[in-house]
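Below you'll find the structure, written out as structure tokens, and then a few comments.
The values are calculated or read from the model by the stated rules, or taken from the named source; none is laboratory data. Here the structure is a predicted model, which means the values were calculated and not measured. Cβ coordinates were reconstructed from backbone atoms using ideal geometry, including for glycine residues, and neighbour counts include every protein chain displayed. Ligands, DNA and RNA are stripped out before the accessible areas are found, and what is left, the full protein with its side chains, is counted by its heavy atoms. Shrake-Rupley method; radii C 1.70, N 1.55, O 1.52, S 1.80 Å.
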Amino acid sequence: MNALELGDVTVTRVIEISRSSFPTTSMLPDSTADALARHHDWLRPHFWDDAAGDLGSRIGTYVVRTPRHTVLIDTGVGNDKPREGSPVWNMRRGTFLDDLAAAGVVPEQVDIVLCTHLHVDHVGWNTRLVDGRWRPTFPRARYLFAGEEWEFWRHEKDACIADSVMPVVEAGQAVLMQSDAAIDPWLSFEPSPGHTPGHVCVRLRTSAGEAIFSGDLMHRTVQVAEPQWSSRFCHDASKARETRRAFVERHADTGVLVLAAHFPRAGYIVRRAGGFRFAPADAA
């Protein structure tokens, strides 16, 4: 996306990987091809990937520049990391840092890294390999996690926690926050549990309106219309459905811009045809 200006705040998206490893019907096990097809009239073309023949998906980072801070929201998959479950992710050698620089940010300029949750595709660039050791990629940054999220993952034998989170904790750069904590005058956490125990959204408030970075509360755009479809990676699918339904109902027709971690573009939740739809920001 091009740089988006909301009052005195600028938002830019840096895409690391432009396609999901999982077809929608695999990512959302309760969905079917026929059920998806019933939504094609509004999903296509804005949210469709013709090359994949499926809903579009992205992995990347949102860069938020407030008058006070340069903030990254989620950090993707990362380079040089053993991820044997995904050939695209495994020992990746991508251009993320160059792409971040093209967006006007080098690691030393980042003040805050916010992780909506601690899944592998949201923490990867927290660290990078330097002289055989994992070190924080952003040397000046505070890395902010919800305390409940960290308490869950710190006991798990997960590779991404070992190489992408623990080094930040050990470097003294991690800050555990309440799930409803204010970050600065513009940004705050909002609890959205279900996908993971301590998953949070990030609310942005500006003089020109609000936006919300919804993390993995929704993986595919169709979940706006079908909030009962939880992803294969939800820790508590029932809680995730409850949280998602409440989110969709709360934000419908409010003009709050929704920036999901994996949707191909930003947009607005709107009421249509007795249900809910997602309208692209440049066509709403």
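Okay, residues lined up against (1) closer than 17 Å to T75 by Cα; (2) surrounded by 20 or more Cβ atoms within 10 Å (Cβ to Cβ); (3) of a type in the set (V, I, T); (4) under 14 Å from the mean Cα position of the chain (by Cα):
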position: I183; (1), (2), (3), (4): no, yes, yes, no
position: W186; (1), (2), (3), (4): no, yes, no, no
position: S192; (1), (2), (3), (4): no, yes, no, yes
position: V200; (1), (2), (3), (4): yes, yes, yes, yes
position: T206; (1), (2), (3), (4): no, no, yes, no
position: G209; (1), (2), (3), (4): no, no, no, no
position: G215; (1), (2), (3), (4): yes, yes, no, yes
position: Q223; (1), (2), (3), (4): no, yes, no, no
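If you scan region 170-181, which residues turn out to be touching a residue at least 12 places away in the same chain (Cβ under 8 Å) and open to solvent by 50 Å² or more (accessible area, probe 1.4 Å)?
A171, L176, Q178
Please verify whether V88 is in contact (Cβ under 8 Å) with a residue 24 or more places away in the chain and assigned to a loop (DSSP other than H, G, I, E, B), treating the condition exactly as stated.
When the stated conditions are applied, V88 passes them.
Which condition from (1) open to solvent by 10 Å² or more (accessible area, probe 1.4 Å); (2) of a type outside the set (A, V, I, L, M, F, W, C); (3) over 19 Å from F189 (Cβ atoms) is the one that T127 breaks?
The one condition T127 does not meet is (1).
Kindly provide the set of residues from region 69-85 that are at negative phi, surrounded by 14 or more Cβ atoms within 10 Å (Cβ to Cβ) and part of a loop (DSSP other than H, G, I, E, B), ordered by number.
H69, T75, V77, N79, K81, R83
Show me the strands (runs of 3 or more DSSP E) entirely contained within region 210-284 in which 3 or more residues are out of contact with any Gly (no Cβ under 8 Å at 6 or more places or on another chain), modelled with pLDDT of 95 or more and more than 23 Å from V120 (Cβ to Cβ).
267-272, 275-280
Considering only residues that are outside any loop (DSSP other than H, G, I, E, B), more than 12 Å from F263 (Cα to Cα) and touching a Phe, Trp or Tyr at 6+ places or on another chain (Cβ under 6 Å), which ones fall in region 12-60?
Passing the criteria: only E16.
Cβ-Cβ distance below 6 Å, separation of 6 or more or different chains: which pairs start in region 106-121 with a residue that is open to solvent by 10 Å² or more (accessible area, probe 1.4 Å) and end on one that is among the polar types (S, T, N, Q) and in a strand (DSSP E or B)?
Q109/T70; D111/T70
If the requirement is being within 20 Å of L118 (Cβ to Cβ), surrounded by fewer than 16 Cβ atoms within 10 Å (Cβ to Cβ) and more than 15 Å from the chain's Cα centre (by Cα), which of these qualifies: R232, R245, R272, R250?
R232
Quickly run through region 105-160 and pick out the residues that are closer than 21 Å to E84 by Cβ and in a helix (DSSP H, G or I).
V120, D121, H122, V123, G124, W125, N126, W153, A159, C160
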